[in-house]
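Below is one structure, written out as structure tokens; the observations come after it.
The values are calculated or read from the model by the stated rules, or taken from the named source; none is laboratory data. Please read all numbers here as calculations on a predicted model, not as lab measurements. Methodologically, a virtual Cβ is constructed for each residue, glycine included, from the backbone with ideal geometry; neighbour enumeration extends over all protein chains shown. SASA here: full protein model, heavy atoms, side chains in, ligands and nucleic acids out. Shrake-Rupley method; radii C 1.70, N 1.55, O 1.52, S 1.80 Å.
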Amino acid sequence: MDKKEIQQRVLQNGKPLSLDKFEWDEKTNTFSSDEDNLILDFKEINNCIFKTGSYCTIKAGNDCTFSTGSGCTFNTGSNCVFSTGSGCTFNTGSNCTFSTGSGCTFRTGSYCTFDTESYCVFSTGSGCTFNTGSNCVVVRRDTYEVIKLEGDKKIRLNGDNIKGYKDE
């Protein structure tokens, strides 16, 4: 796709983003813009790299990499890597890696790794790893259990529908 075709996929204030406000590298499928408040629709395009400002909404395919500011919303396929500011919302497929600021909400598939700051909410599939800030709890809806995380303690949840955890 050329830059004019990409322009039709990127809106700001309901209009296509001006060509001089973004870069598109056709060889690497890399979209770059310092602009905020963008809506990007790349949902059927895989292997993209996105570099944006804050408060963007991004729909993307699989195997994508994101480097954004705060307050962004992502709806992606699998195998994506996110490095974002605070207050972001993620709705993704499997095998994702997140490095984010505070106040994030995650809705993901299985086998995700999270490295976040405080006040994050996770709704995930199985096989996920969390590296969290302070004052965190685990709410297991499958066993109706709340587990308070203590300091730097690492735990591994017991299997499906089995209450409790093991110290790591």
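Please pull out the direction-averaged projected area of the range 1-62, using the convex hull of its alpha-carbon atoms, in nm² to one decimal place. For the range 1-62, averaging the hull's shadow over all directions gives 3.6 nm². Among residues other than GLY151 with Cβ under 14 Å from its Cβ, the summed charge is -1 (Lys and Arg +1, Asp and Glu -1). Per-atom-type breakdown for the range 15-147 gives carbon and sulfur 45% of the accessible area (1.4 Å probe, protein chains only). Packing, taken as the mean count of other beta carbons within 10 Å per residue, orders the peptides 33-44, 11-22 from highest to lowest as 33-44, 11-22. The modelled label-to-label distance for the pair ARG107/GLU168, using points 7 Å beyond Cα in the direction of Cβ, is 2.6 nm. In this simple spin-label model, placing a label point 7 Å from the Cα along the Cα-to-Cβ direction at both SER99 and GLU150 gives a separation of 3.1 nm.
The distance from the alpha carbon centre of the range 141-166 to that of the range 20-39 is 42 Å, rounded to a whole number. When both bridge partners sit in the range 25-168, DSSP labels roughly 20% of those beta bridges antiparallel.
Here is how the number arises for the chain: DSSP H runs of 4 or more residues each give -39500 (n - 2.57), the sum is divided by the residue count, and the result at 222 nm is -500 deg cm²/dmol.
Counting only other residues whose beta carbon sits under 15 Å from that of PHE90, what net charge do I get with K and R as +1, D and E as -1? Once all neighbours under 15 Å are counted, the net charge is +1.
Computed over protein heavy atoms with a 1.4 Å probe, the accessible surface of the chain works out to 57 Å² per residue.
Full extension of the segment from ARG141 to SER123, taken as 0.36 nm per residue of separation minus the current Cα-Cα distance, would add 5.5 nm.
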